[in-house]
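Inspection log for the structure reproduced underneath, given as structure tokens.
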Amino acid sequence: MDRRTFVTLAAGTYLLGPRAVCAQQPGKVFRIGLLAPVTAPTPGDRIDMQALRIGLRDLGWVEGKNLVIEIRWAGENPQRQRELAAELKALQVALILAYGTTTIRAARDGAPGLPVVMVNAGDPVGARFVASLARPGGDLTGTSAAGEEVLSKQVELLSAAVPQLKRVSALMSSVNPINGFFFDAMSLRAKTLGLHLDRIDVAAEGELDGAIARAKGGALIIVNDPMFFRHHVRIIELTLRSQVPSVFGDREYVAAGGLMSYISSNAWHWRSAASFVDRILKGAKPADIPVEQPTKFEMVVNLKTAKALGLTIPQSLRVQAELIE
């Protein structure tokens with residue numbers, strides 16, 4: 001039995017437990033927090049409040065009736081994120097929803113002892129958020145991004161899309177501590193495909209021009225990070241100017257002119273997060289709720305960009321992808 005199958009079965013078994021079917025306390029209004037690594041909601045960002053609210057409503061949780069969501073738009077600064085996590089704890093929220101590795105760490109450190117629902121955690125075991133996917137064992141549970149699998153798949157996609165490709169670069173944020181693990185996973189896959197993988201770390205927007213220029217002559221993987229998404233239009237312009245075929249971790253890049261994207265379904269993560277909130281509010285402990293891994297993935301290819309780069313996307317990729325003309 002593989003890890004994903006075990007986790008799915010364990011989660012299903014847990015749902016049948018007595019605490020999962022506890023009735024909501026009549027008349028009680030629960031307060032939860034959401035810590036977001038952006039400064040404001042923007043179209044196409046990864047904070048899918050609609051999917052979260054739909055998931056909660058399907059489980060009987062309605063804002064203004066029995067639920068209040070305290071949202072803190074924390075931005076990318078870890079210190080600010082920790083401060084706002086502490087602020088949420090002071091408001092006596094029942095739990096904090098946190099998106100992405102850096103923000104999850106800030107929620108854990110800024111609000112110790114408070115349940116944290118991880119949304120799209122890159123590698124929760126490697127980051128030491130949980131002891132294991134099946135038995136988290138602490139105050140954190142939620143969804144994993146299966147980051148090593150996704151990024152390894154992105155290496156494969158570039159290999160399939162770019163004939164005679166020999167070198168791939170990975171653009172990474174230097175402030176994300178889990179990137180070392182991801183790079184090792186990508187390197188292993190690249191080696192099996194006969195590719196050399198370079199790592200390019202970026203700490204600030206001003207470094208993007210030089211970083212992407214270094215990838216010229218090969219291909220580029222942009223590893224998901226809030227800073228990169230904030231400057232995604234600029235990144236796309238630079239990859240096209242340098243004629244660097246690139247794969248991204250968000251369909252919004254492709255809609256804006258990037259070549260291709262492959263990522264787990266964002267809506268799945270937020271709908272799943274609602275189920276974790278539901279179980280914790282009904283009395284379950286995060287330590288006992290298995291972390292879930294994504295079962296839905298999305299691939300998008302921009303054929304116009306492929307043509308501009310002189311690429312012919314093979315049929316084997318076309319049949320898997322949503323195509324943008």
*Return only the number of the condition from (1) open to solvent by less than 30 Å² (accessible area, probe 1.4 Å); (2) out of contact with any Leu (no Cβ under 6 Å at 6 or more places or on another chain) that P245 does not satisfy.*
(2)
*asked:* Suppose we keep only residues that are out of contact with any strand residue (DSSP E or B) (no Cβ under 9 Å at 6 or more places or on another chain) and loosely packed, with under 14 Cβ neighbours inside 10 Å within segment 72-97. Which one would you say is farthest from P177 (Cα to Cα)?
replied: A90
_Taking the condition of being at pLDDT 95 or above and either in contact with an Asp or Glu (Cβ under 6 Å, 6 or more places away or on another chain) or surrounded by fewer than 24 Cβ atoms within 10 Å (Cβ to Cβ) (or both), how many residues in segment 122-151 meet it?_
10
*Index of the failed condition, A90 passing every other in (1) at pLDDT 95 or above; (2) touching a Leu at 6+ places or on another chain (Cβ under 7 Å)*: (2)
*In segment 48-71, what residues are surrounded by fewer than 19 Cβ atoms within 10 Å (Cβ to Cβ) and among the charged types (D, E, K, R)?*
R53, R57, D58, E63, K65, E70
_Can you tell me which residue is most open to solvent (accessible area, probe 1.4 Å) among those in segment 311-325 that are more than 18 Å from F248 (Cβ to Cβ) and in contact (Cβ under 8 Å) with a residue 24 or more places away in the chain?_
S316
_Some residue of segment 215-234 being among the aliphatic types (A, V, I, L, M), farther than 27 Å from T103 by Cβ and surrounded by 16 or more Cβ atoms within 10 Å (Cβ to Cβ)_ = yes
*open to solvent by 40 Å² or more (accessible area, probe 1.4 Å), within 28 Å of G55 (Cα to Cα) and in contact with a strand residue (DSSP E or B) (Cβ under 8 Å, 6 or more places away or on another chain) - does that describe any residue in segment 184-201?*
no
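Looking at the structure I just gave you, is P41 in contact with a Ser or Thr (Cβ under 8 Å, 6 or more places away or on another chain), at pLDDT below 95 and surrounded by fewer than 18 Cβ atoms within 10 Å (Cβ to Cβ)?
Against the criterion (in contact with a Ser or Thr (Cβ under 8 Å, 6 or more places away or on another chain), at pLDDT below 95 and surrounded by fewer than 18 Cβ atoms within 10 Å (Cβ to Cβ)), P41 does not qualify.
The values are calculated or read from the model by the stated rules, or taken from the named source; none is laboratory data. Every value quoted in this text rests on a predicted model; they were computed, and no experiment measured them. All Cβ positions, glycine included, derive from the backbone under ideal geometry; neighbour counts span all protein chains shown. Note: accessible area is taken over every heavy atom of the protein model, side chains too, but ligands, DNA and RNA are not part of it. Shrake-Rupley method; radii C 1.70, N 1.55, O 1.52, S 1.80 Å.
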